[in-house]
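*Asks:* Attaching a single structure in structure tokens format; questions to follow.
The values are calculated or read from the model by the stated rules, or taken from the named source; none is laboratory data. Since the structure is predicted, the reported quantities are computational estimates derived from the model, not experimental observations. Cβ placement follows ideal geometry from the backbone for every residue including glycine, while neighbour counts extend to all protein chains displayed. What goes into the accessible areas is simple: the full protein's heavy atoms, side chains included, and nothing from ligands, DNA or RNA. Shrake-Rupley method; radii C 1.70, N 1.55, O 1.52, S 1.80 Å.
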Amino acid sequence: MANFLAQFQSIKNSCDHLVIAVEDVSDLWPTIKTGFEERLPFRRACLNNKTRNSVFLEKLPAEFILTTDARLRSRFPQEQSLFWFREPYATVVLVTCEDLEEFKTILKPRLKLIVQNDEREWFIVFVSKAAPNNDQATKSAKKVYAKLEVEFSSKKRERCCKLDLHCPEASFWEDLESKITECIRNTLDRRVQFYEDEIRKLSEQRLLPVWNFCNFFILKESLAFMFEMAHLHEDALREYDELELCYLETVNMSGKQRDFGGVEHGDDQAALLNPGNKPLTQIVQDDSFREFEFRQYLFACQSKLLLKLKRPFEVASRGYSFIISFSKSLALHEKILPFCMREVWVLTACLALINATASQHNGVVPPDVEKEFYRLEGDLYSLCRVKFMRLAYLIGYGTDIERSPVNSASLSMLPWPKPPVWPSVPPDSSSKVLEKEKLILQTVPRVKHFGIERKPLPLEPTVLLREANRRRASLSAGNVFEMFDGHIGSVDGSGPDASIRTSPSQRVRASAMPRTNSSPGNFDNSIDRPMRLAEIYVAAEHALQQTISDADLWKSLSSLEEFEQKYLELTKGAADNYHHSWWKRHGVVLDGEIAAVCFRHGNFDLAAKSYEKVCALHAGEGWQELLAEVLPNLAECQKILNDQAGYLSSCVRLLSLDKGLFLTKEREAFQSEVVRIAHSEMKDPVHLDVSSLITFSGNPGPPLELCDGDPGTLSVTVWSGFPGDITLDSFSLTLMATYNADEGVKALRSSIAIVLKPGRNTITLDLPPQKPGSYVLGVLTGQIGHLRFRSHSFSKGGPADSDDFMSYEKPARPILKVFKPRPLVDLAAVISSALLINEPQWVGIIVRPINYSLKAAVLHIDTGPGLKIEESQVIEMESYADVSQANADIKLGDGAQIGTLDAEKHFERLTLHDGKIDLPDWASDTSSILWIPVCAINDTLTRGSSSDTPQRQSIVDGLRTIALKLEFGVSHNQIFERTLAVHFTDPFYVTTRVTDKCDDGTLLLQVILQSEVKATLTIYDAWLDLQDGFIHTGVGDGRPTSCFFPLVISPGSRAGVLFTIRLGKTNAEDESKAVQPESILNIRYEIYGDRSTGAHLPVAVTSSGPDGSKRDLIFRSAIVLQRPVLDPCLAVGFLPLPSSGLRVGQLVTMKWRVERLKDFEEKIVSQNNDEVLYEVNANSENWMIAGRKRGHASISTKQGSRIVISILCLPLVAGYVRPPQLGLPNVDEANVSCNPSGPHLVCVLPPVLSSSFCVPVDS
Amino acid sequence: MIVCVAVVGHQNNPLYIQSFTEADDALKLHHIVHCSLDVVDERVNNPKKSGPTLNETFLGLLYPTENYKVYGYLTNTKVKFILVTTDLDVRDADVRNFFRRFHAAYVDAVSNPFHVPDKKITSRTFAERVSNIVKSFGLSSAG
């Protein structure tokens, strides 16, 4: 059957659509041909696919061919069955007839004859030629058509349709189309069935020796082709897939070794998209298909269908795997293939695929498919690029290939081509060899920037020199090698090619030696001599020229410039496509390769941009090793571009990389660059983030604790990543309040330049007062020359963690705590009881620091009115063991207790300057008492009062204030103010009473002295200076008997002194004295008290104590003595109360009788002598008075006239109370005689128990 | 032959990378591992495509190249293990087995209280264990 192949091929080429046969019975075709062919290609046809599912086709091309056409005739029956796919899929029978008779006699038998062949799908088109106005003709045509339908149509299937030539019905064409489609569908189904049966039969015989792949191929491809003609591309594709599968199985079967192919000229150009590249007959030999061509053919057919299906993505995806797998096959057969055939084929295949798919790709696919597509395109470009670089390397362009990780990864793991024998140097090529040698010599070793020394990455799997020579002279490979090695010196893994270029001394040696051999004569017998590198290049170039048939490709390899151009094109293609895909890293890395080329060509701007992207990629994910490879390049670009900011940043980044990545020397070079640029002339200061290089942290341990308002010094640790000392011109650090971000950031500055050593540095900063809260370190900023840097990075007590290149970890630990305002000190008065007034007294002030040092504190003392400080006296200060504090300390712990108890007793005398006292140092931490001598002044004389109506002095009178202001803290920033109240009093409170009126007019006056102070008072003497109208009895001055003195009065107790006086005029000499309105009691006394409890010896007395001239204190008090009524005019008598007694709540009438004792003769001037003004006074707490309290009562001026004044009163409280009193304000007291004469008490009983008085008790 | 194994953190930062080649060309392996993250990312971000292997830690062959193979493994904590081998004929089971042991070694290494999470693994014990696992790669199935 193999001989049918040629025919099959030509049939396939000639027809690419379905054929519809036209049986033109009545010579109608020429008339209606146009109308029919206008319907082509059919739209919206519905066919069945292989699985008998309906498939709607947008377009189905077909061709109408007359059965009389030569193409449909003269076919052998055998051919017909084999190439059945080209037979007509439908037969249209065209008839016309206007006469029923004619139909019956002629047309019907003829039609029966035509349609009797059941194989064919047919239907009849009746063409009516009748003109529309010719009713007769129309009618008969209708009749004939009706007859026709009866004869040929069945219930199952209508096989007739009618075409009116003159006025075709609209529905006709649709009808026709559906009928044709139906026929095609049926035919197709039948034929598919047929082919499937045949294929199944063949498949069953697969393992028999007679089985022939060629037959299978023809059947399978026929079926596929038929599907393709019917536009059932999916099915066609499936057939090809099955065919490929089957082929791969047979071709891999052992014992069926065949010719592989691929040795013909032009085979190096991949034909994986061109099914018609070679005629099938050429690739089939003795029923065997050459793998090289046939697999490409199959793939071409598949890809053609996929492109028709608009699936370029699938073409690319299948294509990529096809190339990979096919490349493996090529590798297996590399021995028989031309030199580098495999590389060239892959290269061309990738390019072809890229061209085909990229042009077809229109972007109307889901985004993920689109991304995948771009990824595949990128992969294809990338593969292509690798192969291209390999070829270029072989012919000596390796020097132009960047030894980057990406190139090294793809090239150094790609084995060398393995030709059976390495190509040898062609004859007469010594000039070329010389040229190549020159090229090698001229190549300047590429020096890395900053003098970085690195072993270059390999681009070759093994040393090319060795590989080529080994392959070339397999006979004495071992010897050649050793000899060679001996000459060249050390040969390491990275290859002499590399070492030649990197070390100039070796290069000279290596090149000098072969130069002696390079005389032309040596070429002829070069088989014994190992080839030199230049020779290998020349030989490879020559061999490649033989292999490569594509002129464009060869041109790309013809010169360095061309190579570079192509290289750039491929790299860009790969990078662009990767950028559109998910594979960003691939894209960015290739950008770096483009940058390298740009850099070489002086296009530094572009290079820098691309390098920046690469650096960002590597830095972002912390791939420091890779970053260290690219960053110097970027820095160099920026240096050349004079991008100072960028260059500085790059240098800093280089410095912040892992220390192990660069030598110290290199790192020092980076630093010196930083310093040089920073101090150079720059237009604008550069801002730079050096978080990775300079890190900082607070000192370990608890945070610095400060009270509100206190300044302090903050010590921080700064880690410098610079390899050497670096001077920071300025330095500042911000503090951030935790929990309160908007509180703002406080910057702490250090004005002086700081030199940072490599590694750990401790820096101390002044800390101004901060608001309460806890603070963490914020940002470190500083300046080196014009470089303003900032660092956000915190180190946890170690050097910069290079892993966190971009991460800013905030430490949770605060560095500073400023406490909320709290009492830091307390000032209190020592005593609670009163001090002596008008005497200098010690006022004790307790100064108690509360966990805060009072070092260098200053106390301002300001006394209030009525108080003055005894300036002449020094102020005493002594330590104070606070009992309550000590108790608290004991509770706290033993240590505190010991501290308290061990506290030394201090005592010091201080002087007051301008109202200020500097506190001594010893008092800074312990409580102390400050004794201040003060004197309260009160000019008024104290008054004694009658014991009947005691009138206590108001406490307020003895109150004095001392305003205290304590300035303390580190810079006297803390101020504590307090005003203390100190109570002063007289030593005694005096009350008097007349105990007895003797008959002889002597009055016994008892003076009761109540001690007012918490001190022991000793009375040494007491005397009374009497007022006018009173005189002492006896001859003495009225002093009490002296033997009673000294009289000691304990604190709070009372004493009494009895004076005997009588009414009387003083002597004449006394009259010269001013009339004394009141008597004065004088008491000479002494006081013994403790100043810490209250009144005590006056300060001056204490101080003059040693002299012995003790000055006794004198207390003076005024006493008013009332003379008895001498000239009564009116008598007021309190009338007795009812005998039932008084009760609370019971009204009672109080009655007074006022009686005129004698006439008011001398008071005649008064206007209303017959009226008297009265007033009732009562304690409102005890009594409620109903009625007029004050008023005039008329009383006759005659002697003896009397009236009774009564007032209704209500007692409010029970007990002995003073009743209301009737007073006569208009009458002098001396003229009123009262009964009872003095104040008296009445008894008020509690109210009678009554339920009405029960009030609910509040809960 | 396994040429390189690597542990890559969840932020795609290298945590451990060890090459097993004699030549001084570790950088190219860094590149291969780094670029293979593209594939891991792609698979993680496109769960549709990964289909049934979604819940599996073993990512399989990341991409076929002509000359070497890269396998990936993704732990639940999004730590990636990458294996680069020049062996073109590798059995999936061997790789799975390798990763399982490697994972165990990794878990032990990061369980060390002195290990800082997400920082480079510097444990010498881990390095030794990894080197043993690499040495024994493929032996168990061959034997």
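*Asks:* Out of curiosity, is A:Ile336 away from every other protein chain (no Cβ under 14 Å) and in contact with a Lys or Arg (Cβ under 6 Å, 6 or more places away or on another chain)?
*Replies:* Values: away from every other protein chain (no Cβ under 14 Å): yes; in contact with a Lys or Arg (Cβ under 6 Å, 6 or more places away or on another chain): no.
Answer is no for this residue.
*Asks:* State which residue is farthest from A:Ala543 (Cα to Cα) when the search covers only the range A:350-372 and only residues that are within 13 Å of chain B (Cβ to nearest Cβ) and buried (at least 20 other Cβ atoms within 10 Å of the Cβ).
*Replies:* Looking at the filtered set, the residue picked out is A:Glu372.
*Asks:* In a loop (DSSP other than H, G, I, E, B) and crowded, with 16+ Cβ neighbours inside 10 Å: which single residue out of A:His231, A:His166 fits that description? Outline the logic, then answer.
*Replies:* Details: A:His166 fails: crowded, with 16+ Cβ neighbours inside 10 Å.
Only one candidate qualifies: A:His231.
*Asks:* What's the number of the condition A:Leu631 fails, among (1) within 14 Å of chain B (Cβ to nearest Cβ); (2) buried (at least 16 other Cβ atoms within 10 Å of the Cβ); (3) touching a residue at least 60 places away in the same chain (Cβ under 8 Å)?
*Replies:* (3)
*Asks:* Among (1) more than 32 Å from the chain's Cα centre (by Cα); (2) surrounded by fewer than 23 Cβ atoms within 10 Å (Cβ to Cβ), there is one condition A:Gln644 misses while meeting the rest; what is its number?
*Replies:* (1)
*Asks:* Tell me whether the range A:650-658 contains one or more residues that are open to solvent by 20 Å² or more (accessible area, probe 1.4 Å), closer than 24 Å to B:Lys119 by Cα and in contact with a Pro (Cβ under 9 Å, 6 or more places away or on another chain).
*Replies:* For the range A:650-658, residues open to solvent by 20 Å² or more (accessible area, probe 1.4 Å), closer than 24 Å to B:Lys119 by Cα and in contact with a Pro (Cβ under 9 Å, 6 or more places away or on another chain): absent.
*Asks:* Check A:Ser1079 against each of (1) over 25 Å from A:Gly1001 (Cα atoms); (2) modelled with pLDDT of 75 or more and name the one condition it does not meet.
*Replies:* Of the numbered conditions (1) over 25 Å from A:Gly1001 (Cα atoms); (2) modelled with pLDDT of 75 or more, the odd one out for A:Ser1079 is (1).
*Asks:* I would also like to ask the following. What are the residue pairs meeting all of these: first residue in the range A:4-32, first residue hydroxyl-bearing (Ser, Thr, Tyr), second residue part of a helix (DSSP H, G or I), Cβ atoms under 9 Å, and 6 or more apart or on different chains?
*Replies:* A:Ser14/A:Arg86; A:Ser26/A:Leu107
*Asks:* Within the group A:Val344, A:Val364, which residue is of a type in the set (Val, Ile, Thr) and modelled with pLDDT of 90 or more?
*Replies:* None of the others qualify; the one that does is A:Val344.
*Asks:* Okay, moving on. Looking only at the range A:204-226, which residues are in a helix (DSSP H, G or I) and over 20 Å from A:Phe4 (Cα atoms)? Full working, then the answer.
*Replies:* Residues of the range A:204-226 in a helix (DSSP H, G or I): A:204, A:213-226.
The answer is A:Glu204, and nothing else.
*Asks:* Considering only the range B:106-124, state which residues are within 12 Å of B:Val7 (Cβ to Cβ), more than 14 Å from chain A (Cβ to nearest Cβ) and over 14 Å from the mean Cα position of the chain (by Cα).
*Replies:* Hits for the range B:106-124 are B:Ala109, B:Val110, B:Ser123.
*Asks:* Sticking with this structure for a sec: With respect to the numbered conditions (1) buried (at least 22 other Cβ atoms within 10 Å of the Cβ); (2) more than 27 Å from A:Asn642 (Cβ to Cβ), which one is the sole condition not fulfilled by A:His579?
*Replies:* (1)
*Asks:* Exactly one of (1) modelled with pLDDT under 90; (2) within 51 Å of the chain's Cα centre (by Cα); (3) surrounded by 17 or more Cβ atoms within 10 Å (Cβ to Cβ); (4) not basic (Lys, Arg) is unmet by A:Phe523. Its number?
*Replies:* Only one criterion is unmet by A:Phe523, namely (2).
*Asks:* Continuing with the same structure: Might you let me know whether the range A:654-677 holds any residue that is basic (Lys, Arg) and in contact with a Leu (Cβ under 9 Å, 6 or more places away or on another chain)? Outline the logic, then answer.
*Replies:* Within the range A:654-677, the first condition is being basic (Lys, Arg), and the residues that meet it are A:659, A:665, A:667, A:676.
Subset that is in contact with a Leu (Cβ under 9 Å, 6 or more places away or on another chain): A:667.
Yes - at least one qualifying residue is present in the range A:654-677.
*Asks:* Related question: Output yes when any residue across the range A:572-580 is within 11 Å of another protein chain (Cβ to nearest Cβ) and more than 25 Å from B:Tyr16 (Cα to Cα), and no when none is.
*Replies:* yes
*Asks:* Of all residues in the range A:1140-1163, how many are modelled with pLDDT of 75 or more and under 22 Å from A:Cys1234 (Cα atoms)?
*Replies:* 10
*Asks:* When residues of the range A:597-651 are filtered for being of a type outside the set (S, T, N, Q) and at positive phi, how many remain? Give the derivation first.
*Replies:* Here is the first cut: in the range A:597-651, the ones of a type outside the set (S, T, N, Q) are A:597-602, A:604-609, A:611-623, A:625-632, A:634-637, A:639-641, A:643, A:645-648, A:651.
With the extra rule that they be at positive phi, the set shrinks to A:602, A:622.
The total comes to 2.
*Asks:* Here's another thing I want to ask about it. Can you confirm whether A:Gly378 is assigned to a helix (DSSP H, G or I), more than 12 Å from every other protein chain (Cβ to nearest Cβ), at pLDDT 85 or above and surrounded by 20 or more Cβ atoms within 10 Å (Cβ to Cβ)?
*Replies:* When the stated conditions are applied, A:Gly378 does not pass them.
*Asks:* I've got another one for you. Could you tell me how many of the residues in the range A:308-321 are touching a residue at least 24 places away in the same chain (Cβ under 8 Å) and either touching a Ser or Thr at 6+ places or on another chain (Cβ under 8 Å) or open to solvent by less than 10 Å² (accessible area, probe 1.4 Å) (or both)?
*Replies:* 5
*Asks:* Still on this structure, I have one more. If you go through the range A:554-572 one residue at a time, do you hit one that is in contact with an Asp or Glu (Cβ under 7 Å, 6 or more places away or on another chain), surrounded by fewer than 24 Cβ atoms within 10 Å (Cβ to Cβ) and without any contact (Cβ under 8 Å) to a residue 24 or more places away in the chain?
*Replies:* Yes, that holds for at least one residue.
*Asks:* Still on this structure, I have one more. Counting just the residues of the range A:381-430 that are part of a helix (DSSP H, G or I) and under 21 Å from A:Ile336 (Cβ atoms), which one comes out farthest from the other protein chains (Cβ to nearest Cβ)? Walk me through it before giving the result.
*Replies:* Here is the first cut: in the range A:381-430, the ones part of a helix (DSSP H, G or I) are A:381-400, A:405-411, A:430.
Filter once more, keeping what is under 21 Å from A:Ile336 (Cβ atoms): A:387, A:390-391, A:394.
On the way: A:Lys387: 9, A:Arg390: 11, A:Leu391: 15, A:Leu394: 17 Å.
Among them, the one singled out is A:Leu394.
*Asks:* Ok, one more. Which residues, taken from the range A:207-221, are free of Cβ contacts under 8 Å to residues at least 40 places away in the same chain and either within 30 Å of A:Cys46 (Cβ to Cβ) or surrounded by fewer than 15 Cβ atoms within 10 Å (Cβ to Cβ) (or both)?
*Replies:* Hits for the range A:207-221 are A:Leu207, A:Leu208, A:Pro209, A:Val210, A:Leu219, A:Lys220.
*Asks:* Of the numbered conditions (1) at pLDDT 80 or above; (2) open to solvent by less than 90 Å² (accessible area, probe 1.4 Å); (3) assigned to a helix (DSSP H, G or I); (4) acidic (Asp, Glu), A:Glu79 satisfies every one except a single condition; which is it?
*Replies:* (1)
*Asks:* For the range A:431-456, give me each residue that is within 19 Å of A:Leu391 (Cβ to Cβ) and part of a loop (DSSP other than H, G, I, E, B).
*Replies:* Listed by number, the list holds a single entry, A:Thr443.
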